[in-house]
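These notes are about the structure you will find just below.
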DNA sequence: CGCGAAGTTGATTACTATCAATCTGAGTGG
DNA sequence: CCACTCAGATTGATAGTAATCAACTTCGCG
């Protein structure tokens, strides 16, 4: 078994100083924002460290800002009636969190850092005001929002109708693709989240996830040791 | 058992002549678009009948337009590897379909009419161009997109972790809320979709859905006959 | 070195899928 | 107008998968 790659290092190299520009240009967009817009944006940004286990925002908080992930990894989760944790999504460098708040006026889930993270908090008012005068930013916003819609629909396909093993594999593959989209070697990586959190996302129990890992490993489809994963077989989406 | 209410009639009364204005104002938004914008929008709209069973757009089609539902009911579905139908979402009057295409450049699922429907097809380019000059439209677009994100997250909560019966009940309740948001009496309604389609959405088999209906009825929680449903008990979301 | 959190494995139970038969109701044509 | 037909829906019996409960292992950390 090889050593895990230094994913964190690679990821943080990928992100350069100006996180907004980065999130918008490198990940979401082709078009670069002009410098005047960037300067104004910078003025309204609050850059904030979010240590592992802490939250960027909480379910029910009234909506005010969007959160651009500059570094780290988040889960978006909520508790259901039985008190079980239900994970609605995972977010990594370049993703934007809190988009559902625009329409609802409140965040609908907790954004919990599963790694030590850094977010850039931008008041939505500021973003909107700037986008009134900058078509490039406006376009960027449309794409950010649309990308979230697209990603969510993919997640829903994943959750419906696949048995545990295939569901886990699809999840790993999806993660791998997201790493790849950020220019990181994607066939081997360190999972940022626990079995419990994966289970919460996939609608399974932790034990089932663990067994699925074991089975996929035994079948030679993946290589896994704790949180380190190699995807041996490349599988179409 | 009472007769089904004339839901279709009520729904179509709710929608008046200008569907764009309607979708944006009555359902998504508080702010009304100004007349100049509306006139320009009207020029680029294609109003189209979509009979039951036919599609508004298809998975893989290259993205060009958004689809505002003026009348009727759609399912957004795709086939998984096993050839089973996976329903990603349902959409009714006032909803906007195709939003995922903005980022992807292509639609990611089929939009199939489950009732005879009417859609207003608006080229995204036109919408975007107009929104550069009309802040109200821009704001409207943000809210439309955000609302879709919010709705999808709710669906994901629904899919994960609930047993069949509760999952079905949650689904019925969610539908009821969507009717209520459109000003339609919401405790009794006619389901537009088949058991098979509900199953596809909930990640269950048709037989399981049918049994869940029977059980909920037997327990006095709902009243159901074929596609007609009354929700007896009002339940918190 | 021992403690605790995360992860694995085992045995059993509970739920859902599957396969098959039957029922219901809307639409059709004689 | 009624029998026929067929898709949608329901019900039953059984098999398969995941949940649950419980024991145990691994690893990081003071």
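Being closer than 21 Å to residue A:146 by Cα and either away from DNA strand D (no atom under 16 Å from the Cβ) or touching a helix residue (DSSP H, G or I) at 6+ places or on another chain (Cβ under 9 Å) (or both) is a property that residue B:148 has. In summary, strands (runs of 3 or more DSSP E) completely within segment B:55-174 and bearing 1 or more residues that are facing chain A (nearest Cβ under 9 Å) occur at B:73-79, B:85-92. You will find that of B:105, B:98, B:94, B:72, the residue that is surrounded by fewer than 20 Cβ atoms within 10 Å (Cβ to Cβ) and in contact with a strand residue (DSSP E or B) (Cβ under 9 Å, 6 or more places away or on another chain) is B:105 and no other.
Report the residue count in segment B:115-142 for those that are over 21 Å from residue B:42 (Cβ atoms) and either crowded, with 21+ Cβ neighbours inside 10 Å or modelled with pLDDT under 90 (or both). First the steps, then the outcome.
Initially, segment B:115-142 is screened for residues over 21 Å from residue B:42 (Cβ atoms), giving B:115-116, B:142.
Filter once more, keeping what is either crowded, with 21+ Cβ neighbours inside 10 Å or modelled with pLDDT under 90 (or both): B:142.
Summing the residues that are over 21 Å from residue B:42 (Cβ atoms) and either crowded, with 21+ Cβ neighbours inside 10 Å or modelled with pLDDT under 90 (or both) in segment B:115-142 gives 1.
Return a yes/no flag: does segment B:91-101 have any residue that is under 25 Å from residue A:75 (Cα atoms), touching a residue at least 40 places away in the same chain (Cβ under 8 Å), assigned by TED's automatic domain parsing to the domain that holds residue B:50 and in contact with a helix residue (DSSP H, G or I) (Cβ under 9 Å, 6 or more places away or on another chain). Within segment B:91-101 (the criterion being under 25 Å from residue A:75 (Cα atoms), touching a residue at least 40 places away in the same chain (Cβ under 8 Å), assigned by TED's automatic domain parsing to the domain that holds residue B:50 and in contact with a helix residue (DSSP H, G or I) (Cβ under 9 Å, 6 or more places away or on another chain)), the answer is yes, since at least one residue qualifies. For residue B:170, state whether it is on the phi < 0 side of the Ramachandran plot and surrounded by fewer than 18 Cβ atoms within 10 Å (Cβ to Cβ). Answer is no for this residue. Residue B:217 meets all of the listed conditions (1) part of a helix (DSSP H, G or I); (2) closer than 28 Å to residue B:51 by Cβ; (3) within 16 Å of DNA strand D (Cβ to nearest atom) but one, namely (2).
Suppose the filter is more than 14 Å from every other protein chain (Cβ to nearest Cβ), under 19 Å from residue A:74 (Cβ atoms), away from DNA strand D (no atom under 11 Å from the Cβ) and touching a residue at least 12 places away in the same chain (Cβ under 8 Å); does residue A:227 pass it? Spelling it out, it is not the case that residue A:227 is more than 14 Å from every other protein chain (Cβ to nearest Cβ), under 19 Å from residue A:74 (Cβ atoms), away from DNA strand D (no atom under 11 Å from the Cβ) and touching a residue at least 12 places away in the same chain (Cβ under 8 Å).
Looking at residue B:17, is it surrounded by fewer than 21 Cβ atoms within 10 Å (Cβ to Cβ) and modelled with pLDDT under 80?
On the way: surrounded by fewer than 21 Cβ atoms within 10 Å (Cβ to Cβ): yes; modelled with pLDDT under 80: yes.
Yes; evaluated as a whole, the condition is true for this residue.
Kindly evaluate residue B:208 against the criterion of being more than 21 Å from the chain's Cα centre (by Cα), within 26 Å of residue A:202 (Cα to Cα) and outside the structural domain of residue B:83 (by TED's automatic domain parsing). Judged against the criteria, residue B:208 is a match.
Residues that are away from chain B (no Cβ under 14 Å) and near DNA strand C (Cβ under 8 Å from one of its atoms) within segment A:177-216 comprise A:191, A:193, A:194, A:195, A:207, A:210, A:211, A:213, A:214, listed in sequence order. Please work out if residue A:186 is at pLDDT below 90 and outside any helix (DSSP H, G or I). So residue A:186 fits the description; yes. Scanning segment B:77-92 for residues that are more than 14 Å from DNA strand C (Cβ to nearest atom) and modelled with pLDDT of 90 or more yields a count of 7.
The values are calculated or read from the model by the stated rules, or taken from the named source; none is laboratory data. Note that the coordinates shown come from a computational prediction; the quantities given were computed from them, not determined experimentally. Backbone-built Cβ (ideal geometry, glycine too); neighbour counts: all protein chains shown.
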